[in-house]
Every structure is written in C-alpha cells, then in structure tokens.
Amino acid sequence: MKYLLSVLFGAMSYGILSTIVVTAYGEGYKLGEVVGSQLLIGFLLAWGLVLYTKRREKRKIGAITHSESTLTGTPAKLNWKKRGTLMAAGTPAVITGLLYYESLRYIPASLAILLLFQFTWIGVLIQAIRQRKRPNGVIFLTLLLLFGGTLLAAGIVEQGFTKFNFIGVGLGLLSAISYALFILFSGKAVPMVHPVYRSGWMLSGGMTLVFILFPPHFLINGLLWGDLLMYGFLLGLFGAFIPPVLFAFGVPHIGEGMAGILGASELPVAVLLSSFVLHEHVSLLQWTGVGFVLIGVALPELLQWIRRPKTNQACSI
C-alpha cells in the first residue's frame, strides 16, 4: 500500500502545478522567471538529497572501499560521459514544462492539462512507428476513449472549435509530444545509476537549458526574494522534487502499468483545482470526458489483470 500511495501522491503533486503557474502569471511574473525559479529550487532540493544519500550510504559501507562497493550509481561509477547523457535526458522534460506553462497564457488550465494528457496516444503512435507494429484492438479502443473523452472534457462538443485559442492548443499539443519523447528516452538514459543521482543530473541539464534560453536576471535584480521565491519553491517542490523521489520509491514495486493508472490522478486534480481555485467553469459533460480519459488510461492494464491466470493473481496478492 505504501508504494501505491507514493506513486499516487507523486502524480497528484503534478496536478497542482498548473494552478500555481496561472496564479504566478496573475502576479505579473514571466515564463522564464517561473520555470527558472522552479528548476533552481528543484536543483537545490535534488542535490541536497544526493548529499544526504551519499552520506547515508557511506555509513552503511563503512570500511568497504568505493571500488568494492555494491551500490549502483555512486559518484565513483558515474563518469562525465554518463553525466552528460543524463543532463541531455533531462532537457525534454524542461521543454515540456516550457510549452505547457506557456499554453496556460492562452487557454484555461483545465484544457491545458487535457492537451498534455494526449501524450498517452502519441507515445503509442511513436512506439508503433519505431517497432513497425500495428497497435492491437485494445489499444485502438483505448485511443478511442482518450480521443472521445478529450473532446468532451475540453468542451469542444458544447462550444465548438471557434472559442479556442489555437496558439494555446498548439502549444499544449506540442507539450504532449515532448512529454511522450521524454518518457521514451529518459528511462533508457543510464538506467543502472541510482535514481537519486539520475534525478540530480537530469535536473542539472534542465536548469542549464532554461538559464541559456532565459538568462536568470531574477538572481541579481532582487525579484527572487519577493513572491517569486514562494512560487518557485512550490513549483520546485511539487514539480521537480517530490514526484521523481516518490516514483523512484514506488514504481519498481508496483510496476509501470499500475504506475500509469495511478499517474492519471494528475488529471482530475488539475481540473478540480482549476474549477475551485481558478474559478474556471467545468460542466458535467466535461467531467464525464475526464472520466472517459481516466478509463482509457487504465483500460489496458485492467484488461491485462483480468486475463491473468487466477493463480498468478493469488500469488501477486
């Protein structure tokens, strides 16, 4: 149960981000300031955890030298080539954040999160192209539920296409493509390295990219020491620090399939906060669409569990 809850809370943390970003925009902060402060705080928290983990492991190892250590991913085994690979692997996540946060300037947060969730079928499409294998009937049914649910949840059935800002919609879809690529490549980037060290170096790469695109003037003009520090801390805590740590703790024990189901909790949390905190209108038909999207995300894993032999199910319980 603790592993299930850790993944659930990690996904719910992601759902908080859009509300914080929209609130920061309302205070007059810009995209580079919001993302830059988020990654700076995430970077500091992640490397604080790295130092803590390093000291704890040194106590466990005791008299054993680093060359004899069985700890996977210690700094002694992480050369600069692997560090560079991890830093590069962290950039798609930053690009996703930039596109997603910028889309919030043009479209409601409830719509932006739905567009981001299109990474599910985009990932399936990319995988099918790479493997040159046609998706099966379950995947097609899943994609149909996701597409139909998105049309309902986005309000397109009620309002049509004319009331939507196509710049914001385009940015939201691009964020979904970027996120699908991040999922595809991040898991293959030096997978033998300890998750804590992987997170630290991936955040380092992401922060470097953001500071190149948006020079961190807020570090020297005093802006960071205002409300931006609060927004950056919340975004860094709930977006760059807590989810990776909780996922690294829980996913290996529950499997990627169940993690994908629990990860869908990000969607209702984001829509719920958009409704109650940002006062965006979310109709009953839109909530129905959210339900279809959640069913679509969970369907493949649920069908696989149902078809699993009962003996295996009993053993897994």
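The values are calculated or read from the model by the stated rules, or taken from the named source; none is laboratory data. Remember, predicted model here, so these are calculated numbers, not experimental data. Using ideal geometry, Cβ is built from the backbone for each residue, glycine included, and neighbour counts are taken over all protein chains shown.
Side notes on the structure shown:
- Residues located in the range 1-37, provided they are assigned to a loop (DSSP other than H, G, I, E, B) and either modelled with pLDDT of 90 or more or aromatic (Phe, Trp, Tyr) (or both): Glu27, Gly28, Tyr29, Lys30
Each row is one residue, and each column tells you yes or no for (1) surrounded by fewer than 20 Cβ atoms within 10 Å (Cβ to Cβ); (2) free of Cβ contacts under 8 Å to residues at least 12 places away in the same chain; (3) aromatic (Phe, Trp, Tyr).
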site: Tyr197; (1), (2), (3): no, no, yes
site: Leu203; (1), (2), (3): no, no, no
site: Gly236; (1), (2), (3): no, no, no
site: Val297; (1), (2), (3): no, no, no
site: Pro300; (1), (2), (3): yes, no, no
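- Assessment of the range 175-195 against the conditions (at pLDDT 85 or above, under 23 Å from Trp47 (Cα atoms) and either in a helix (DSSP H, G or I) or in contact with a helix residue (DSSP H, G or I) (Cβ under 8 Å, 6 or more places away or on another chain) (or both)) yields no matching residue.
- Residue count for the range 210-232, restricted to those that are under 24 Å from the mean Cα position of the chain (by Cα) and crowded, with 18+ Cβ neighbours inside 10 Å: 5
- Residue ID - modelled with the lowest pLDDT, chosen from residues in the range 298-317 that are of a type in the set (Val, Ile, Thr) and closer than 27 Å to Ser6 by Cβ: Ile317
- The helices (runs of 4 or more DSSP H) found entirely in the range 224-297 that carry 2 or more residues being at pLDDT 80 or above are 227-235, 242-254, 266-276.
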